[in-house]
Each structure stands twice: as C-alpha cells, then as structure tokens.
1. For residues that are within 35 Å of the chain's Cα centre (by Cα) and surrounded by fewer than 18 Cβ atoms within 10 Å (Cβ to Cβ), scanning just the range 28-39, find the one that is modelled with the lowest pLDDT.
2. Tally up the residues in the range 251-261 that are part of a strand (DSSP E or B), over 16 Å from THR90 (Cα atoms) and out of contact with any helix residue (DSSP H, G or I) (no Cβ under 9 Å at 6 or more places or on another chain), please.
3. Could you list, in sequence order, all residues of the range 92-106 that are within 13 Å of TRP77 (Cβ to Cβ) and in contact (Cβ under 8 Å) with a residue 24 or more places away in the chain?
4. Which of the following residues is out of contact with any helix residue (DSSP H, G or I) (no Cβ under 8 Å at 6 or more places or on another chain) and either in contact (Cβ under 8 Å) with a residue 60 or more places away in the chain or assigned by TED's automatic domain parsing to the domain that holds ASP201 (or both): TRP244, TRP226, TRP315?
5. Taking only pairs six or more apart or across chains, which ones have beta-carbon atoms under 7 Å, a first residue in the range 318-340 that is over 13 Å from ILE199 (Cβ atoms), and a second residue that is in a helix (DSSP H, G or I) and charged (D, E, K, R)?
6. Any residue at all in the range 222-238 that's within 25 Å of ILE318 (Cβ to Cβ) and in contact with a Phe, Trp or Tyr (Cβ under 7 Å, 6 or more places away or on another chain)?
7. Among the residues of the range 176-201, count how many are assigned to a loop (DSSP other than H, G, I, E, B) and either modelled with pLDDT under 95 or exposed (fewer than 13 other Cβ atoms within 10 Å of the Cβ) (or both).
8. Pull up the range 307-365, narrow it to residues that are of a type in the set (D, E, K, R) and modelled with pLDDT under 85, then point me to the one that is nearest to LEU187 (Cα to Cα).
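The values are calculated or read from the model by the stated rules, or taken from the named source; none is laboratory data. The model shown is predicted, which means the values in this text are computed figures rather than measured ones. With ideal geometry, Cβ positions are generated from the backbone for all residues, glycine too; neighbour counts draw on all protein chains shown.
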Amino acid sequence: MARKRANGEGSIYRRADGRYTAAAFVPVSGGGRRRVYVYGRTRDEVRGKLDDLMRQADDGIPRARERQTVAAYLDYWLEHVVRPEKRATTFNSYESLVRLHIVPVIGRKKLDELGPADVRRLLAVLREKEISGSGGGVRRLSPRMVQFAHAVLRNALSNAVREELISRNVAKLVQVSNPEYDVGVSLDPVAARALLTRIADDRLYALYLCAIVLGMRRGELLGLAWDAVDLDAGKLVVRQSLTWANGRVHLGPPKSRASRRVVPLPATVVDALQEHRERQEADRESAGDRWTETGLVFSSALGGHVSPRTLAAQWHVIRTAAGLGRMRFHDLRHTAVSLLLALGVPPHVVREIVGHSDVKVTMTVYAHGNLDEKAAALTQLSTAVTGALLSPVAVNEGQEDGS
C-alpha cells in the first residue's frame, strides 16, 4: 500500500510545455533537506519517479546538495548503489578501479559537464598508463582493464541518468573495441589422467576431479554444500559460490543465472565424492572439539572454509610437481569444455553442463583444438579436395559460362 504524501512532497501538475512535474523535499549530502524536481511526459511517469525519489529518501540515500564532481558522484554510487547490490569482491574491484584509474583523470570534472571528449581522454590515458607487473617489472594497463574501466564508468553514469542528475550517458557515446581474450591452456585426456593419478592421495582429489570432469568454477567448488549433493541420485546442484573479500568469507549466488544448474554425476565422480565424505568424517572425529561445521563438501582439515588463496597455493605445488608450467586452476575448467567438445558433445549441452551464459563463450573462449586435431582435420580436407573422395560436379553442356 502506497504511503500518504506529507506536506512538502508536492502535487503533480502539468507545465506550459505539456510535460508533467512534481517536487519533494529530500535529504541531501552533508545534512539538511532541499526540494528536488522530477519530470515526465505523463502523469503516471512522474508519479513513478516521485515514488522512487521518496523511497530513496526513506532509505536514507542522500541527493547531491549542489553540482557534483565526477569523483563525488562515484563515491556516492559505490557506497549507496554498488555496495548494497553487488558481491563484496565486485565492490572491491569497482572501488579500486575508480580510485586508481578513473578519478585521477576525470575526478575533478563536474558531473553535468562531462562529455564524450573527456571519456576519450580517460581511455587514451589508461591505454598509455604504466603499472607494476606481477613479476616486478613495468607494464602497460591491459586492454581488458581499459575496457573494464569504460564499463564501470558507463554503469555509474547510467545510474546518474536514472536519478536525473544528468540528461545523457556520455560513456555510451564512446565505443571501445572488445579486447582479444587470452585462450587458456587445457590438458589432453592422457595428461589429465596422469595428473589425476599423481594426486590420487590428495585430500582434495575429488575437488580436482570435479573441476576436470564437471568443469565447475573454483568458487562453485569451494561453496558446494553436502545438502546440494545427492550421491544416490547421482547429481548435484550448483546454487552458491564462495568468495573471499576483506579477510572474510562470503557465500552468495553463482556468477550468473545460467550458473545455477543441476549437474549429473558420472560414477567415477560419485565414487570419489563418497570416499571424500568418508575421509571428511574421519577428519571430524580426529578434530573433536576443534572441528568447525560448515556443511561444505570441501573444507579444511578442521572443517573450516578453504579460501581461494589457499587453494591457489596448493595448486601451484601440484602443477610444479606435475610439470604443468604456469597452468592456472581455472584451466582445469577449460580442459573439461575442450574435452567435451572434442568428444562431439553438442555445444549447447556443454554450455548447460558448465553454466556458461552464452554458447558463444563455450565456442570462442574455451574451445581449443590441439595441433594433432588441427593436423588431422586439415589432412581430411586436403584428401577430400585433391583425392578421389569427391565426385566431379556435372555441368550442363548447354549452360552458359558464368551462369
């Protein structure tokens, strides 16, 4: 039931130019209240905007007291729009990108004076920006990070348009080409089997098996709970993901709607999970009062959460011992997709198994053919066009050339 409007919230009236408007006194940043106007083509549109304005006021979200700089608005957007709606890891990545890369370039610009030229200048500066590389050297900001900065600014300005702080989103007027994503490496069946044989006694063997066979993401594996696994029916449900931010564990929904899925379990995975459960029960008895019950399938020796950083450290030890170079844990997911496609599994089925939001991702980013597969394919084509596998095309003698 809509609440009754109090004095000062105004009524909706039609202007001389035919548009409708209304006003309300709302909290402003720094304390106090001021009248804010909303406009629309119809009475219903203005009523909806006025309701949204008052709802924000009831929720304690302040409006700008005066013309804001881009920096001031981005601070507001991060705190009152991004933080309540996004995961902690997403907020942290947005906040660091805004603080380190966007604000230093266009932060002092007035929000309502920001133009396409300012956005192009930001992108030009970021393309030339040098940062410290992971190996200790200096490198340029990656094209992917430049695109990410543009996307974050575009999202922030879209919210400013919705709140009628600006009339248009100038970031949408500047096109940024999509960067070419690095295609990860993957294991062939022989290498995958050798890896699993090598780590057969590892207490997290079942986790690595699920990554290679089911193509599950790291957060999905670390957030998998026993109540989402039905070994008798041979299936599990991916419904949450574990992330780590600000020194705390966060259990939330998976990456996307498509990531929420039911995955059938092959017999080898069922057996591995059953053995893992028995091992976990032994750990629980051994730990006694020190055991922390989380209900998770993959836990520490004392039952606690396994952080992504801990798993990464363990994977680095495993990959070094197996001679896998700099192969990432995420490349085990690449392996699952590549092997499924190589086995002739239809791409849309692979997409549903691993939880991709679009089959294009399955085919362009994750599908890799090794040199042997490519050589075999080209040999087949070469034989077909130069050998006797194709019959000559019959041409009617009376048909004119070029028809």
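1. GLY30
2. Summing the residues that are part of a strand (DSSP E or B), over 16 Å from THR90 (Cα atoms) and out of contact with any helix residue (DSSP H, G or I) (no Cβ under 9 Å at 6 or more places or on another chain) in the range 251-261 gives 0.
3. TYR94, LEU97, VAL98, ILE102, VAL103
4. TRP315 is the lone residue from the list that is out of contact with any helix residue (DSSP H, G or I) (no Cβ under 8 Å at 6 or more places or on another chain) and either in contact (Cβ under 8 Å) with a residue 60 or more places away in the chain or assigned by TED's automatic domain parsing to the domain that holds ASP201 (or both).
5. Close Cβ pairs satisfying both conditions: MET327/ARG319; HIS330/ARG218.
6. There is at least one residue in the range 222-238 that is within 25 Å of ILE318 (Cβ to Cβ) and in contact with a Phe, Trp or Tyr (Cβ under 7 Å, 6 or more places away or on another chain).
7. 15
8. LYS360
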